[in-house]
1. So for segment 59-143, what are the equivalent ellipsoid semi-axes in whole Å, largest first, each being the square root of 5 times an eigenvalue of the Cα gyration tensor?
2. Please sort by residue number the trypsin sites (Lys or Arg not before Pro) in segment 82-180 whose DSSP state is loop and whose Cβ has at most 16 other Cβ atoms within 10 Å.
3. If amide hydrogens are placed 1.01 Å from N in the peptide plane, which non-local residues have theirs closer than 5 Å to the one on residue 109?
4. Taking 0.36 nm per intervening residue step and subtracting the Cα-Cα distance, what contour gain separates residue 77 from residue 92 on full extension?
5. Can you compute log10 of I(q)/I(0) for segment 96-171 with the Debye formula, treating each Cα as one identical point scatterer, at q = 0.14, 0.16, 0.20 Å⁻¹?
6. Taking 8 Å as the Cα distance limit and 6 or more residues as the minimum spacing, I'd like the relative contact order of segment 60-173 as a percentage.
7. Using a Cα-Cα cut-off of under 26 Å, which lysines could be cross-linked to residue 88, ignoring same-chain neighbours fewer than 8 residues away?
8. Are there any GluC sites (Glu not before Pro) in segment 88-180 that are in a DSSP loop and have at most 13 other Cβ atoms within 10 Å? List them by number.
Amino acid sequence: MRTVFSLLLILLLLAACAGKEDVPADPAAENATAESGEAAPDSAADANAIVENITIGPVGDLQLADGNAMEITKLNKIGKYYIYISGKLNGRSSTVVSLTRLDDLQHWKKIIFQDQHTFTIVNSEDRELHFSDSRVYLGSDSADTYSFITTPAGSFQEEPATVKKKDVKVINIYQPTEKD
């Protein structure tokens, strides 16, 4: 009888642990927590932390509506995310994409904007994900701007940059080169 009871207790415990879901937080809510002075959990203490490959060189570039381009030397994180997307994937379901590792972001080639809330993500295998009624957050939880670090032409000094979302036509993400 004790064996059956112990077995049922273990099964119940496993079922309870399996039902736990990891849901990504909204970047605006994370920043509000940080601004209110509440202590954020230490990411170094995170048992699930994965060490990223170090990328040498720029992450990508922005192609602007006026034909100019801006290099993205480094990305600012929004809380623990490099990029946060929420919206309707292929016009059907509400979807959240939140990438915490640069390696994951580099599986995409580019994000092509039809307008500020309609865009297509092209991955490294040339598959397309179409988003509508959506929002992209890159380096800032602002509804109107993207933020990142750039190195202006003719300069060796990195500078913060902010660009209006409505001015961006394409975000190109450079693919990592093969290592010998």
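Each value in this text was obtained by applying a stated rule to the coordinates, not by laboratory testing. Not measured: the values here are computed from a predicted model. Don't worry about glycine lacking a Cβ; one is built from the backbone with ideal geometry, like all the others, and counts go over all protein chains shown.
1. Numbers: eigenvalues 69, 51, 39 Å².
Largest first, segment 59-143 gives 19, 16, 14 Å.
2. 92, 101, 127, 179
3. 122, 123, 124
4. Value of the extension gain: 2.5 nm.
5. At q = 0.14, 0.16, 0.20 Å⁻¹ the computed log10 ratios are -0.51, -0.67, -1.00.
6. Numbers: 261 pairs, mean separation 37.7, N = 114.
Over segment 60-173, the number comes to 33 percent.
7. The reachable lysines, counting only those whose Cα sits under 26 Å from residue 88, are 20, 77, 80, 109, 110, 164, 165, 166, 169.
8. Working: sites: 125, 128, 158, 178; in loops: 125, 158, 178.
Here the sparse-neighbourhood loop sites are 125, 158, 178.
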